[in-house]
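**Q** Have a look at the structure that comes next, please.
No value in this document is a laboratory result; all are computed from the given coordinates. Predicted model only: the values in this text are computed from it and were never measured. Neighbour counts are summed over all protein chains in view; Cβ atoms, including those assigned to glycine, are modelled from backbone coordinates with ideal geometry.
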Amino acid sequence: MAPTGTISIIAGCSSGIEPVFAISFVRKVLDNEELLEVHPLFQKVAQERGFYSDDLMKRIAQKGSIKDFNEIPEDIRNVFVVAHDVNPEWHIRIQGAFQKYTDNAVSKTINFPFSATQGDVEDAYLMAYNLGCKGLTIYRDGSRDKQVLNIHRKPQYPQVEPRPRPDQTDGVTERINTGCGKLYVTVNSDEYGFCEVFAQMGKAGGCAYSQIEATSRLISLALRSGVKVEAIIRQLMGIRCPSPIWRNGEQVVSCSDAIAKVLNRYAQANIAYVSDQMGACPDCGAAVEHEGGCIVCRACGFSRCS
């Protein structure tokens, strides 16, 4: 029986040797309709002890566990332990204990938190093997965009740290006219690709100067954090200010738009150069293709922009 099997839902019983997934949780059914469910035994105890409320159940659904809810009596919190309160090691030990006295393979989900690493998963499989388990199913919470059982929480995203700036970079500087005056834009690259942008007005000081410096710093931070240059260009290009200007047949509608245009020209020139120099993939030797302003290899997945 699958750990989240429909049969156990219909029967209203445990789905195996699993601890409770969450005291209160969101179950997605049909066309992603969300149903708030509360563990029936916990609901009964909460009502008998007088601390049940719909608001409390909704707040519990955001965490799943009740261990940090001080308004719930401690003896209740000690009894109603959920899957993510149990260390993965003890999930595996429980499966190993059942497997020892069972001829067929024992099915159980080893619940990992969102922060689990590849090393954690490797250790889990090695431990299961040493305990005599015939198979192992691990699930890292939030590893799929859609999952049947969900703790109703805000999505979490990994924090990105920009790579260090090298001591030496290569690049070009272009002068471009804007409604605020002449703008000098420098685009530099390191061994990984674009790494920074500097922009200065012909005259220092003023609000426009500070905004240009802030924009350049944020672009540089984004580039060294792995944000694709095409995404940065799309965000900046077309931002308008009260003083647009025409330059060589194209309209420059703001300083941000000017920086984006220079960055775009440099990106296109760099791609053309790479295309001339790179007829084959440096990793596997297969032919490379152009896609989304980048050079990619269909054979091995190499990308010049990654």
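**Q** Would you list which aspartates and glutamates come within 12 Å of Lys182, measuring only between C-alpha atoms, while excluding same-chain residues fewer than 8 positions from it?
**A** Glu174
**Q** Counting other C-beta atoms within 10 Å, and keeping those with at most 16, which DSSP coil trypsin sites (Lys or Arg not before Pro) do you find in the stretch 164-224?
**A** Details: sites: Arg175, Lys182, Lys203, Arg217, Arg224; in loops: Lys203.
Taking the stretch 164-224 and a limit of 16 other Cβ atoms within 10 Å, the loop trypsin sites (Lys or Arg not before Pro) found are Lys203.
**Q** Jot down the radius of gyration and Dmax of the stretch 156-233, Cα atoms only, both in angstrom.
**A** That works out to 13.7, 43 Å for Rg and Dmax.
**Q** Here's something else I'd like to know. Hey, rough spin-label estimate for Glu161 and Gln62, points 7 angstrom out along Cα→Cβ, what's it come to in nanometres?
**A** That separation, rounded to one decimal, is 3.0 nm.
**Q** Something else about it: Filter the cross-link list Lys58/Lys108; Lys44/Lys108; Lys58/Lys134 down to pairs whose alpha-carbon distance in this structure exceeds 30 Å.
**A** Numbers: Lys58/Lys108 28 Å; Lys44/Lys108 27 Å; Lys58/Lys134 38 Å.
As for pairs spanning more than 30 Å Cα to Cα, those are Lys58/Lys134.
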